[in-house]
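Shown next, in structure tokens, is the structure this report addresses.
The values are calculated or read from the model by the stated rules, or taken from the named source; none is laboratory data. These figures come from a predicted structure and were not determined experimentally. Positions of Cβ are backbone-derived with ideal geometry, glycine not excepted, and every protein chain shown enters the neighbour counts. Ligands, DNA and RNA are stripped out before the accessible areas are found, and what is left, the full protein with its side chains, is counted by its heavy atoms. Shrake-Rupley method; radii C 1.70, N 1.55, O 1.52, S 1.80 Å.
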Amino acid sequence: MLTIGTQKSDRISTITNTTWAEYISLDLPTKRVSFRNGVITIVSPGLSHELIGDYIRAIIWAYCRQNNFALFPYNQTTLKEDGIEGKEPDVAYCFEIDNRLARFGSRNKSNIREYRRFN
């Protein structure tokens, strides 16, 4: 089943009853694609999406600079647990705090729980 809708000018499409093989066979470089529980979600980012992302990037960079945190952004990153779940965030951040290896950050609060599984 294909469902298409809009949210804050992003175009969001979901495809249900899919497999991991179908997810990894997709080649959509200008889209953000995720897979979870047999559902593929495809996001075509709109203007507000890009603006909000730029503001959040600026805040993260300023905070890390002011607090002397090493910051390593990863653009076009795919976070995945093969066969189970995959996400393609706009950018993932890795930064070292209190000698912990890494933490991935998300600009979408609803996805933070999902990203934690990739720590």
* Structure fact -> Taking only protein heavy atoms and a 1.4 Å probe, the highest-to-lowest accessible-area order of W61, W20 is W61, W20
* Quick one: what are the phi-derived ³J(HN,Hα) couplings along region 13-25, Karplus 6.51/-1.76/1.60 with θ = phi - 60°, whole Hz, x for glycine and proline? => 10, 10, 10, 9, 6, 10, 10, 4, 4, 5, 4, 6, 7
* Asked: Once amide H atoms are placed 1.01 Å from N in the peptide plane, what residues at a sequence separation of 5 or more from C94, or on another chain, have their amide H within under 5 Å of its amide H?
  -> F72, Y74
* To do: For an R0 of 35 angstrom, estimate the FRET efficiency from the Cβ-Cβ distance between D82 and R57 and round to the nearest 0.05.
  => 0.75
* Set the Förster distance to 30 Å, then compute FRET efficiency between T18 and E50 from the Cβ-Cβ distance, nearest 0.05. => 0.65
* Structure fact -> Rounded to one decimal in nm, the spacing of the 7 Å Cα→Cβ label points at S9 and A70 is 3.8 nm
